[in-house]
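Coordinate-derived values only; no laboratory data. Just so it is clear, the model here is predicted, and its values are computed rather than measured. Heads up, the Cβs are rebuilt from the backbone with ideal geometry, glycines too, and the neighbour counts pull from every protein chain shown.
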Protein chains: 2
Amino acid sequence: MNGAHALLHTLVAGGVDTCFMNPGTSEMHFVAALDGVPEMRGVLTLFEGVATGAADGYARMAERPAAVLLHLGPGLGNGVANLHNARRARSPVVTVVGDHATYHKQFDAPLESDIDALASNVSGWVRRSMKTEELPQDAADAIAHAYGPPGQVATLILPADVSWSDGAQPARPARSGVARPPDEGVVDEVARALRSGEPVGFLVGGRAGRAGVLEQVGALAAGRPAKVLCETFPARLERGAGRLDVERLAYLGERAMAQLEGLAHLVVVDAVSPVSFFAYPGKPSDLVPDGCRVHRLAGPADDVGAALDAVASVLGPGAVPTLASLERPGLPDGDDPLTADVLARTIGALLPEDAIVSDEANTSGLFIAGATAGAPPHDWLTLTGGAIGMGLPLATGAAVACPGRRVLALEADGSAMYTAQALWTMARESADVTVVILANRSYAILNMELRRVGAAAGGPRARSMLDLRDPELDFVSLAAGMGLPATRARTGGELADQLGRALATPGPSLVEAVISR
Amino acid sequence: MNGAHALLHTLVAGGVDTCFMNPGTSEMHFVAALDGVPEMRGVLTLFEGVATGAADGYARMAERPAAVLLHLGPGLGNGVANLHNARRARSPVVTVVGDHATYHKQFDAPLESDIDALASNVSGWVRRSMKTEELPQDAADAIAHAYGPPGQVATLILPADVSWSDGAQPARPARSGVARPPDEGVVDEVARALRSGEPVGFLVGGRAGRAGVLEQVGALAAGRPAKVLCETFPARLERGAGRLDVERLAYLGERAMAQLEGLAHLVVVDAVSPVSFFAYPGKPSDLVPDGCRVHRLAGPADDVGAALDAVASVLGPGAVPTLASLERPGLPDGDDPLTADVLARTIGALLPEDAIVSDEANTSGLFIAGATAGAPPHDWLTLTGGAIGMGLPLATGAAVACPGRRVLALEADGSAMYTAQALWTMARESADVTVVILANRSYAILNMELRRVGAAAGGPRARSMLDLRDPELDFVSLAAGMGLPATRARTGGELADQLGRALATPGPSLVEAVISR
């Protein structure tokens, strides 16, 4: 069989049965092979950043990689931003980048570029497959490297002739790697810190955002002078009623430092030691308080649960952690202006059980986490790498991964415009996504940042670069243009009505929430 | 003054007075400096690919670079595809990519990535500016390298602290480089070929697409068994009545080979020797006929006009080339179905004098070049690098560069969706752009390519990956969502009415032409 067919069979055998794609000529044999390998589901996107972001969302929820099919260097370039987020989320992704035929590259045809350099920016593993006979094993290796641990972006560069030539047989994908066992020295250190009576903080991230692991951490902290914090932008946090309610480390360095103040020990569990998102003149980058000792209990390649178990074994039986109880805010009054607070309470009141929230709400979403802490159990996915334009693609991929669950995309207006093409794929796939656009008509976070970096920010020319009012974006029309039913809410009552209806209706729809400032 | 202010003063002094931008926190001092340097015009885009494509369009028309301001690796990634096209167009572009502060990089904050690797994919010159005092000279060097010749993408990576710190003084930009004089050996070779009586082809590209240079080429060919061809995707072709009408080399290799058949000599003038856009099983990549000798008369760093003059001097006075006469097609009948042919004739009948055409029409635009060959003089800009999503940004940048001229963007529906955010910037800048969406509801070129690559293409699953009908894209709504007036045409008469009105109305608007298949 040809390379493309063997590649698809190998992917499916390795558990990779969904491919988000935006193909071109060099990928036509991959596309043609879809009819021969019906186990592979192809999901078309209109822009590569939608495909890569969807693969990230899929991986975070399915806990296995999707494939992404991209067209040469420019196609990969368009997908880089959301692959960056996937890299930071440690999501397993198998990226297949079509390239010119091996013998064609010497001619420097118009689409020729240095794909390998681009791929290196976002990938933990890159290979250029050079022989049809070896392509299936290359694909099997890509899958294994994607799984990790840690999960990563594995990029296979696939010349067109390697794909179209005959002589390949599907390979049997290897099992994924094994997580590293706990480091006994660090386990003992952490146990001593917890026994010392000194203030201890846990900073959890990565796989430690799952409910079971959080409960393990909560049990270690319970009854001790210890607090549990979560990294600022978790890949996936299982939260809500019946789960450990963890405070997220604040985005603003000074607030994060206040959260960490007074700690003698910081135990990081699949997270990185706290660091400011950006540098600011005269402010520190490293947010760990002076004199606080950082203990790296488990990293991304380690067995997180075993490390926490090991600490618990050293300490012996402890207290039972307090879990969040079911407690929703009431719906705001119908005539309330649609402030960020009213928005948050409305979402808190209506969030369905088992929802998946894709959160790229930024400034206007400030209060939503608080208002949903006691909502029925749900998953919370955030902007891990800071590359704006993740929320709508991520929601799309999460919906593909989890049929039957409702996805709520909380999306700032500025951010929505990077990858709004995701709305079309949502409609095409009848994905159960409810999009709420938080329309404040501004890059509001940059107005804040303009002040924070100390830039003399008063000028109208600078401010106009952060303003989205001229002309005003109309997301109801944008959604309609891509086949999505949409409405606009200007009061609390309108939002409650429209959001309630949207959440109860199968398939995707959009509510533009015009935020009062 | 701080680095950002000195950078802006240096850019303006170097003739770079327009900056297309999509900034983030690390670029806030650059943005803040706009109020102190009013000579610099900031043009906000909602997506980085719009900024980079606009800079390309600006450079092709203004013949000087614009600056582009991007936010770290992901921002550059989003701009890569259109920088790829700019690189292939040899457009001068000064890309400024903000990065974390120098001392912040060690912490591997969420947005940290290998910007240098990304930049290398598209840039002829890359420098990371490490000291505020040296930043202005780094910027001056970037401008000089952008100008070339050849024109290129020059990328300056700018750490936030280098931008915000004090101690910089504006630098005086160097003059741009000097084009290389003609190679006398090649000049003699070409003259001998033209005297030989053997069939000679000229293949022009790059700066040889300008009317004056084309006339020089036409004079060498006139009265001899010689033909003039233009590269498939010229950066800028000056054409229409009173100019040399040159046949473009076909996109499909077999058609291009027919155009080149029988040539004993091929003289390339700021173009590359003809090569197939993609490789296809069993078809050649190199399109030069057997036995045809290729003479490289002038490359991108050479003085093209001087090289042609030198050949003319050796040959002595020759014939006068025939230039295109003013000859437009009549408007089709009003009730004609809106086929690709009717579309082409309508555009041929209505194209305004001195228009700038941004052509990303792809399959449905096949007949437009023929129908406009005798239209009043105009510029034609094409998809130089094959990276889809260029047309709308390019049109935006061309309009910013050439106030008072009408820009016509001929845009395929599939291609439009990569960078549709350009519509918002057109509206914001009141750019005189008329967008015609060629809506065939399909990645039609890929349906053709699926057959051409020999893929067993019958399958419905493969074909569905190339189909844009489910749901149907509605460009009238999409345009309205971004503040652009828009209409839909389904017959020849509707198109003529709507296009005529759009071309006559100041500012931007959009016509969705629903193509009958």
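Remarks
- Total formal charge among the other residues, if their Cβ is under 10 angstrom from that of B:Val476, Lys/Arg +1 and Asp/Glu -1: -1
- Between region A:16-32 and region A:213-285, the Cα center-to-center distance that results, in Å: 40
- Restricting the calculation to Cα atoms, region A:172-250 yields a radius of gyration followed by a Dmax of 14.7, 52 Å.
- Å³ per residue enclosed by the Cα convex hull of the protein assembly as shown: 155
- Value of D in µm² per second that Stokes-Einstein yields for region A:183-331, Kirkwood Rh from Cα pairs, at 37 °C (0.692 mPa s): 210
- Rounded, prolate or oblate (a/c below 1.5 giving rounded, otherwise prolate when a/b exceeds b/c) for region A:359-517 by Cα gyration tensor: prolate
- With a cut-off of 13 Å between beta carbons, the residues surrounding B:Pro159 carry a summed charge of -3, where Lys and Arg count +1 and Asp and Glu -1.
- By the count of neighbouring beta-carbon atoms within 10 Å, fewest first, A:Glu449, A:Glu48, A:Glu27 end up ordered A:Glu449, A:Glu27, A:Glu48.
- Projecting 7 Å from Cα along the Cα-to-Cβ direction, the label point of B:Gly197 sits 11.1 nm from its equivalents in the other copies, listed shortest first.
- Helix-only arithmetic for chain A: the sum of -39500 (n - 2.57) across DSSP H runs with n ≥ 4, divided by the residue total, places the mean residue ellipticity at 222 nm at -10500 deg cm²/dmol.
- Per-copy distances of the A:Leu252 label point, shortest first, in nm (7 angstrom along Cα→Cβ): 6.3
- Averaged over the residues of peptide B:279-291, the number of Cβ atoms from other protein chains lying within 10 Å of each residue's Cβ is 3.
- For B:Leu323, inter-copy label distances in nm, listed shortest first [label point 7 Å out on the Cα-Cβ vector]: 8.3
- B:Leu351, B:Leu326, B:Leu83 arranged by Cβ crowding within 10 Å, fewest neighbours leading: B:Leu326, B:Leu351, B:Leu83
- Of all DSSP beta bridges confined to chain B, the antiparallel ones make up roughly 10%.
- Percent antiparallel among DSSP beta bridges (both partners in the protein assembly as shown, rounded to 5): 10
- Mean separation of Cα contacts under 8 Å (6+ apart) over length of region B:3-164, as relative contact order %: 27
- Sorting A:Phe202, B:Phe278 by the number of Cβ atoms found within 10 Å of their own Cβ, with the fewest placed first, yields B:Phe278, A:Phe202.
- In this structure, the pairs whose alpha-carbon distance is over 19 Å, taken from B:Lys227/B:Lys283; B:Lys105/B:Lys131; A:Lys105/A:Lys131; A:Lys227/B:Lys105, are B:Lys227/B:Lys283; A:Lys227/B:Lys105.
- Once the C-beta distance of A:Lys131 and B:Asp108 is scaled by a Förster radius of 25 Å, the resulting FRET efficiency is 0.10 to the nearest 0.05.
- Mean per-residue shielding of peptide A:103-116 is 6, counting Cβ atoms of other chains within 10 Å of each Cβ.
- Shape call, region B:1-160: gyration tensor on alpha carbons, a/c limit 1.5: rounded
- Taken residue by residue and averaged, Cβ atoms of other chains lying within 10 Å of the Cβ of B:152-163 number 1.
- Relative contact order of region B:263-310, pairs being alpha-carbon contacts under 8 Å that are 6 or more residues apart, as %: 47
- Applying the criteria of a DSSP loop state and at most 16 other Cβ atoms within 10 Å to the trypsin sites (Lys or Arg not before Pro) of region A:252-296 yields no site.
- Per the Kirkwood formula applied to alpha carbons, chain A shows a radius of gyration over Rh ratio, Rg over Rh, of 0.98.
- Relative contact order (%) - criterion: Cα under 8 Å, at least six apart; region: chain A: 14
- Orientation-averaged projected area, Cα convex hull of region A:255-340 (nm²): 10.4
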